[in-house]
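Okay, so here's the structure we're looking at.
Bear in mind these aren't lab numbers, they're just calculated from the coordinates by the rules spelled out. The model shown is predicted, which means the values in this text are computed figures rather than measured ones. When we count neighbours, we look across all protein chains shown, and the Cβ atoms used for this are built from the backbone with ideal geometry, even at glycine.
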Amino acid sequence: MAVDAPRAASPGEAAPGHAAEPLLRTRGLTIRFGGLTALNNVDFSVAREEIRAVIGPNGAGKSTFFNCLTGVLRPTSGAILFGGADITGLPPDKISQRGIARSYQITNILPNATTLENVRIAAQSRRHSWSLLSHYRAYRDIIEKSEAALDSVGLLPKAYELAANLSHGEQRTLEIAIALATEPLLLCLDEPTAGMSAAETQQTMMLVRSIAKHLTILIVEHDMQVVMELAQRVTVFHYGAVLAEGSPAEIQQNKSVMDVYLKA
Amino acid sequence: MSRRRFFVYWVGFAVIVALLAVAPLVLPEFWRRFLTEILIWGLLAMSSDILIGYTGMVSFGHSAFFGLGMYGAAAALLGSSPPNLWLALLYGLASAAAVAAFVAYFSTRLRDIYFAITTLIFSQIFYVVIFTSTAWTGGENGLNFSRPRFAIPYLFSLRFTPAVLHWFVLAIVALSYLLLRRITHSPFGMVLQSIRENEARTRAIGYAVERYKIVAVMLSGVFAGLAGVLYALQNQFAAPDFVFFVVSGEVVIYNVVGGIGTLVGPVVGAAFFLLLREAFSRFFTEFYLIPLGVIFIAIVIFMPRGLLGFARRWLNG
């Protein structure tokens, strides 16, 4: 597939003069709900294998931005380019097939299915999903892939428990495993540590760091400690526009960012 | 499924099929006929369980698929001489599939109650079309035809005696059940259940939900059409009453009474409902709907998972 090809070349080795093509880029992304401009002319780009944090006060447009990227909302104007291809206005399933996965701010799983089934159905979305006459357990490759995804987040011991019976923190982690099972190139995490205990937050940070070795991560987060420790770069949203962008240290020093957060 | 449960399941299945197969040899004609009809209504209810129980879409339009299967079979039986069984099956299934594709294309864009209403409206449109196209369908009077022979060229040719017809219906219903059961456990079936549990999430992990829903409606419609063909064979007529939405409503009731999402439940529901109606109409004459309604309400309140769900919980202690 076209999206796989550029991945093989590491971004650091790009030839001089060929600035590494960003994995994701938005140009003038704007979305209006009636009179309200939720996103205003957002130009944004993320390099391959970067961990980027998106922060901003409540209502700054972070979740709206995620919803645009993943096809839940259709932008009023502007373009979204992923791996060089225009994905503006594609439905969520096509965007998922292109390689963007997301986890949700509010836990969004199949509560009446087992942990394994939650992940297996995601893994199955890439192949065999139109098979009608074979038993789903006959596809060992899918099950092995799902078990690997569960193992990578530490949920394998709970594979056969109902997802509804997992703790809140485990359900949040399951969200990540479901996203991973779709083999994304870009993973969008919407407040992955929301409602977690300090210990669970630490575990999740380690988890994000370990999966970041293989893919690009976009993370919306309120916990500044998480942002500062995880992210290589930080983008600050305010009133639907990009207010500042830079390394965590730069953002901490930024005058306008401090104003926004002190006012909030 | 554990080995023991696997064993119990297949023994149970074999025993039930064997009992149903022996039944026409011992039952008087009235009850033989009654049992055959329970199987046919059971198949119709089972087909709608694919939508109600597995995909979470309540169809109030199954009478259209059932009716088109019936009229398709009628067209084949009246149009061919001598009437041919396989042609009746082919015409019936093809008409039901065509109508299901049409209904599915439009109705799957909507969800929940809007889907239900759309299917109901479509089935009423087909009812009116059938009712008014007197030249083709016989209108209000319906169509009468004779039964074909049960024949495979050069192999055998049997007359459809009541017992042979019963076995034929039993074989088709049992095979349909096994096929539908396999489909509900297939990767495709798991996608349907994922849609039922969380449609937005299913879309977000990469499934084009609408396409799966369209196939689900068509699949369900084809099996409903199959039930329609069997009904036409059994009763030797096709009538517009069977396309009327009341039939769709009864199918939903069979599902709810028997237990949705189980395939067997709707068959149990159909048997229970039809037997009760038969018994009550003898004792209460024209007031039979009153006790029937009371029992239905009691089941919904006290057995929200239907008869089968209740029995399962009771058996498991």
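Data table
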item: Set A:Asn67, A:Asn112: member being among the polar types (S, T, N, Q), in contact with a Leu (Cβ under 6 Å, 6 or more places away or on another chain), surrounded by fewer than 22 Cβ atoms within 10 Å (Cβ to Cβ) and within 11 Å of chain B (Cβ to nearest Cβ); result: A:Asn67
item: Residue tally, condition over 12 Å from A:Leu24 (Cα atoms), crowded, with 20+ Cβ neighbours inside 10 Å and more than 9 Å from every other protein chain (Cβ to nearest Cβ), over the stretch A:83-95; result: 0
item: The listed residue being in contact with a Cys (Cβ under 6 Å, 6 or more places away or on another chain) and either within 11 Å of chain B (Cβ to nearest Cβ) or closer than 27 Å to B:Arg181 by Cβ (or both), out of A:Arg102, A:Arg126, A:Arg140, A:Arg120; result: A:Arg102
item: So A:Leu132, is it within 24 Å of B:Leu180 (Cβ to Cβ) and either within 13 Å of chain B (Cβ to nearest Cβ) or touching a Pro at 6+ places or on another chain (Cβ under 9 Å) (or both); result: yes
item: Yes/no for B:Thr108 being in contact with an Asp or Glu (Cβ under 6 Å, 6 or more places away or on another chain), surrounded by 16 or more Cβ atoms within 10 Å (Cβ to Cβ) and in contact (Cβ under 8 Å) with a residue 12 or more places away in the chain; result: yes
item: Any hit, the stretch B:135-143, residues being part of a helix (DSSP H, G or I), within 14 Å of another protein chain (Cβ to nearest Cβ), in contact (Cβ under 8 Å) with a residue 12 or more places away in the chain and of a type outside the set (A, V, I, L, M); result: no
item: Single unsatisfied condition, A:Ser134 versus (1) touching a His at 6+ places or on another chain (Cβ under 9 Å); (2) closer than 19 Å to B:Glu197 by Cα; result: (2)
item: Some residue of the stretch B:48-60 being outside any helix (DSSP H, G or I), β-branched (Val, Ile, Thr) and in contact with a helix residue (DSSP H, G or I) (Cβ under 6 Å, 6 or more places away or on another chain); result: yes
item: Evaluation of A:Ile80 against (1) touching a Lys or Arg at 6+ places or on another chain (Cβ under 9 Å); (2) away from chain B (no Cβ under 14 Å); (3) free of Cβ contacts under 8 Å to residues at least 40 places away in the same chain (one fails), failing number; result: (3)
item: Leading residue by the ranking (farthest from the chain's Cα centre (by Cα)) among those in the stretch A:52-79 that are within 15 Å of A:Ile100 (Cβ to Cβ), outside any strand (DSSP E or B) and β-branched (Val, Ile, Thr); result: A:Val72
item: Count - residues of the stretch B:111-120 that are of a type in the set (A, V, I, L, M) and in contact (Cβ under 8 Å) with a residue 60 or more places away in the chain; result: 1
item: Of all residues making up the stretch A:166-185, the number that are touching a Ser or Thr at 6+ places or on another chain (Cβ under 9 Å), within 13 Å of chain B (Cβ to nearest Cβ) and not aliphatic (A, V, I, L, M); result: 4
item: Members of the stretch B:188-201 found to be out of contact with any Lys or Arg (no Cβ under 9 Å at 6 or more places or on another chain) and not in a loop (DSSP other than H, G, I, E, B), listed by number; result: B:Phe188, B:Val191, B:Gln193, B:Arg196, B:Glu197, B:Ala200, B:Arg201
item: Count of the stretch B:175-203 residues which are more than 8 Å from chain A (Cβ to nearest Cβ) and farther than 23 Å from B:Leu226 by Cβ; result: 3
item: For A:Ser146: the one exception among (1) crowded, with 21+ Cβ neighbours inside 10 Å; (2) closer than 30 Å to B:Ser176 by Cβ; (3) more than 7 Å from every other protein chain (Cβ to nearest Cβ); result: (2)
